[in-house]
Amino acid sequence: MNRMPPLTRDERDDEQRRVVAKIEDGPRKGFYGPFVPLLYSPLLLDRIQELGLLCRFQSSFPPKLSELLILISARYWTAQFEWSSHTQSAMAAGVPAAAIEAIRVRDTPVFDDPDQALIYAFAHEYYATQRVSDATFAAAVARFGRRGVVDLVGVMGYYALIAMSLNIFEEPLPDGETPPFDS
């Protein structure tokens, strides 16, 4: 069930049309998923999608780390749409299929890449305890720098917002897709 039905082209006002065009003309190449219900508040959507561009495409992390972080966040929030839309990107970026499956079933993944292991440790520790230990924080700063840790928190925060929107508004998966997890 979609709690916020999509606005048709005829129902959209000028501001909504402007934001849709901006999203469609950007690197996402389409208007879908979490953006559909958020269009009811076009100024908020515009700010959110700008933050998303920064977090996904311009952070200090390469795709193999940002896509991993997106999947960890999607799984924590049980955001079916987000998980489904990022699994292939994560694999293409170099996140091992076995690690993706372990995260999906809420098991502990094993990584050969120490950066991926550290990203997982940081995010998992936060999601499990709502804190990050001094040791994990120090390891993240030593490896990724202060900007990297801020970017890490930014990506987690952005995808938490997206997951909340998807879950609260019950945005459906694309036609034909099976939910990746039950809960």
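Observations on the model:
- Helices (runs of 4 or more DSSP H) wholly inside region 1-76 that include at least 1 residues being more than 23 Å from Arg104 (Cα to Cα): 14-25, 35-38, 42-57
- Residue tally, condition within 25 Å of Ile168 (Cβ to Cβ), part of a helix (DSSP H, G or I) and β-branched (Val, Ile, Thr), over region 77-111: 2
- Sole residue being within 18 Å of the chain's Cα centre (by Cα), closer than 16 Å to Tyr159 by Cβ and at pLDDT below 95, chosen from Gln58, Gln49: Gln58
- Only one of the listed residues (Glu82, Glu101) is under 21 Å from Gly176 (Cα atoms), among the acidic types (Asp, Glu) and touching a Gly at 6+ places or on another chain (Cβ under 9 Å). That residue is Glu82.
- Of note, Glu11 does not satisfy the criterion of being acidic (Asp, Glu), open to solvent by 10 Å² or more (accessible area, probe 1.4 Å) and in contact with a Leu (Cβ under 8 Å, 6 or more places away or on another chain).
- Criterion: of a type in the set (Val, Ile, Thr) and open to solvent by less than 10 Å² (accessible area, probe 1.4 Å) - qualifying residue of Val36, Val105, Val20: Val20
- Look at region 29-55: where a residue is in contact (Cβ under 8 Å) with a residue 24 or more places away in the chain and closer than 16 Å to Met4 by Cβ and a partner is acidic (Asp, Glu) and open to solvent by 50 Å² or more (accessible area, probe 1.4 Å), sitting 6+ places away or on another chain with Cβ atoms under 9 Å, you get Pro37/Glu170; Pro42/Asp13; Pro42/Glu15.
- Residue count for region 138-183, restricted to those that are at pLDDT 95 or above and hydroxyl-bearing (Ser, Thr, Tyr): 3
- Count of residues meeting criterion [small (Gly, Ala, Ser) and farther than 13 Å from Ile72 by Cα] in region 86-114: 6
- There is at least one residue in region 132-155 that is free of Cβ contacts under 8 Å to residues at least 60 places away in the same chain, farther than 20 Å from Phe35 by Cα and not in a helix (DSSP H, G or I).
The values are calculated or read from the model by the stated rules, or taken from the named source; none is laboratory data. Only a predicted model underlies this, so the values are computations on that prediction, with no experimental measurement involved. As a convention, Cβ positions derive from the backbone with ideal geometry for all residues, glycine included, and neighbour counts pool all protein chains shown. Note: areas computed on protein heavy atoms with side chains; ligands, DNA, RNA excluded. Shrake-Rupley method; radii C 1.70, N 1.55, O 1.52, S 1.80 Å.
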